[in-house]
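Taking it in order: structure first as structure tokens, then the write-up.
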Amino acid sequence: MRDLAPRLPSSPGFWRSPLRGTWFTSVLGLVLLAGITVLFVTGLLSYAAYNPGLSPVNDKTPDKGILGFYLFAWPTRPSWLYRLTQGVHVTLGLALIPVLLAKLWSVVPRLFSLPPARSLARALERISLLLLVGGVLFEFVTGVLNIQLEYLFPGSFYPLHFYGAWVFFAAFAAHVALKAPAALRTVRRVRAGAAEESDDGLRPPRPDAPTVSRRGALWTVGGGSLLLLATSAGRSFDGAARRTALLTPRGGPEPGHGPNGFQINKTAAYAGIDAAETREDTWRLVVVGPAGTIRLGRADLLRLPLHSAALPIACVEGWSTSDQWWRGVRLRDLATLAGFDDDPPDVLVESLQRHGAFRSGALRANQVADPHSLLALYVNGETLSPDHGYPARIIVPAAPGVLNTKWVARMTFGELG
Ligand SMILES: Nc1nc2c(c(=O)[nH]1)N[C@H]1C(S)=C(S)[C@@H](COP(=O)(O)O)O[C@H]1N2
Ligand SMILES: [Mo]
């Protein structure tokens, strides 16, 4: 038995890396404390930005119950708001992967320690660790799969990632309350020149000879994070910057040239839009409100006052475009046509698309009222291309891409939800 014991992972002697210890784990833990808090907050903001309380067509997690307690009317200014919050959510999430893996590696001996529980408190702690480790892996894996494979789990990504985030964050908060004070103490003491507090089971009793210093190992982890940051942040810009985003979709060269040559989420062909339905003589925008049902062709829309706004497209997947110049009819002018003279109401926007989660979206009154919210007919001085939503698409400042419905067919003002 004596000889066998150190060969089992449950034995402290099995783990030999001299890097493991309180300081290494504490530094990584504190980085994750800050980073994961930002991920949680920006994630909750993203859900609020979808206007889930407004209409079932926007709500991807209808059974959220009290978890929606914090929802609020997402503002329209600054126009880059969602571009920033969701860009940070996804880019920071990717950059934290090396830190997360290093942190899990640094505490892995604990997962094997035996007996599994000496007391009730210890048993509860270990269950919370299961939720913590399982939860964090689940959130990172679903997040990465969603951006890499573009809606791998159509419809179900949102509930998985949203409920997973709450379960994980509850365990995370408990873990932080238990561990953060000691981690801070360790880092301060070591910085002040004191020796690392010794044993809490992390330091190996029979360490191998070091091949890299602990600082060197931390720099390697940090370098990995910087590399991921440098190869994904470009997805939030156009042109040369986007070419630096090598590891994720929406990086690399733009999909086309000229005014319509910026990123396309779903093409007209993918959405099943038939060119015969979008011709000048066939397509009509149906506007519904107290004034009745009004049908407008593209020529009718072009006779209304046209306005311009420089606004980005910012997708939940974290990519975004720089500002594009959109030109079209103000949503609030369409609300007036529909019979709302003073206060524009909410609006339900439906597209020509027949299937798919993003075929329609609801916009809140504050979004309809913004003078930069348009039913766009042109982009960057040219007629919208079929893939960017010809004959007409919604563009709203600060809104997530998904609410910028393309190939609009019908707008119903008021009486939502
Ligand atoms: N009808 C319709 N509109 C849509 C979508 C869609 O799938 N169908 N995708 C949305 C999403 S998720 C985004 S990010 C933006 C992208 O706009 P773009 O393709 O012009 O860049 O369009 C939105 N409008
Ligand atoms: Mo999107």
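Computed from the coordinates by the stated procedures, all read-outs in this text should not be read as laboratory data. Values in this document were obtained by computation on a predicted structure and should not be read as measured data. Counting neighbours? That spans all protein chains shown, and the Cβs are built from the backbone with ideal geometry, glycine included.
Please identify which residues in region 314-331 have an amide N closer than 19 Å to a label point set 7 Å out from the Cα of residue 303, following the Cα→Cβ vector.
328-330
Sorting check: for 304-310, 30-36, 114-120, 44-50, which peptide has the highest mean count of neighbouring beta carbons within 10 Å, and how do the rest follow? If you can, show how the numbers build up before the last one.
On the way: 304-310: 14.7, 30-36: 17.3, 114-120: 9.3, 44-50: 21.0.
Highest mean packing first, the order is 44-50, 30-36, 304-310, 114-120.
Arranged by the count of other C-beta atoms within 10 angstrom, fewest first, what order do 257, 388, 175 take?
On the way: 257 8, 388 29, 175 18.
By the 10 Å Cβ count, ascending, the order reads 257, 175, 388.
Net charge near residue 305: determine it from the other residues with C-beta under 12 Å of the C-beta of residue 305, scoring Lys and Arg +1 and Asp and Glu -1. Could you put the intermediate results ahead of the total?
Values: positive: 303, 327, 330, 332; negative: 333.
Net local charge, residue 305 excluded: +3.
Between residue 123 and residue 137, what is the label-to-label distance in nm when each label sits 7 Å out along the Cα-to-Cβ direction?
Spacing of the two 7 Å Cα→Cβ label points: 2.4 nm.
Hey, if you put +1 on the Cβ of every Lys and Arg and -1 on every Asp and Glu Cβ in region 275-413, which of 294, 380, 366 ends up farthest toward the positive end of that dipole?
294
In terms of Cα to Cα distance under 20 Å, which lysines are near enough to residue 179, apart from those fewer than 8 places away along the same chain?
103
Hey, which lysines would be in cross-link range of residue 266, C-alpha to C-alpha under 17 Å, not counting anything within fewer than 8 residues on its own chain?
Excluding near neighbours in sequence, the set is 406.
With unit charges on the beta carbons (Lys and Arg positive, Asp and Glu negative) and the dipole taken about the Cα centre of the chain, which residue among 180, 225, 271 sits farthest to the positive side?
Sorting the options by dipole projection puts first 180.
Between residue 415 and residue 293, what is the spin-label point distance in nm, taking each point 7 Å from the Cα along the Cα→C-beta axis?
Taking the simple label geometry, residue 415 and residue 293 are separated by 1.2 nm.
How far, in nm, would the chain grow between residue 184 and residue 97 when pulled straight, counting 0.36 nm per residue and subtracting the alpha carbon separation?
Answer, rounded to one decimal: 29.1 nm.
Which order do 69, 413 fall in if you start with the one that has the fewest other Cβ atoms within 10 Å? Before the final figure, lay out each step's value.
On the way: 69 7, 413 26.
Sorted ascending by nearby Cβ count, the order is 69, 413.
Peptides 261-268, 79-86: what's the order by average Cβ count within 10 Å, highest mean first?
Details: 261-268: 18.8, 79-86: 21.8.
Packing proxy ranking, top to bottom: 79-86, 261-268.
Are there any helices in the chain, counted as whole DSSP H runs, that stretch 18 Å or more along their axis by Cα and score at least 1.0 on average by Kyte-Doolittle, and if so which? Intermediate values should be presented prior to the final figure.
On the way: long enough: 22-49 (39 Å, 1.82); 81-95 (21 Å, 0.71); 97-111 (20 Å, 1.39); 120-149 (42 Å, 1.45); 157-191 (43 Å, 0.64); 214-230 (24 Å, 0.81).
Going by DSSP H runs, the hits are 22-49, 97-111, 120-149.
For region 275-413, what is the percent of antiparallel DSSP beta bridges, rounded to the nearest 5? Working shown, then result.
Numbers: 30 of 33 bridges.
Bridges in region 275-413 are about 90 percent antiparallel.
Ranking request for peptides 121-128, 378-385: highest mean number of other beta-carbon atoms within 10 Å first, then the rest in descending order.
378-385, 121-128
Can you compute the helix-only [θ] at 222 nm over the chain? Use -39500 (n - 2.57) per DSSP H run of at least 4 residues, normalise by all residues, nearest 500 deg cm²/dmol.
Numbers: 11 runs with 165 residues, N = 417.
Computed mean residue ellipticity for the chain: -13000 deg cm²/dmol.
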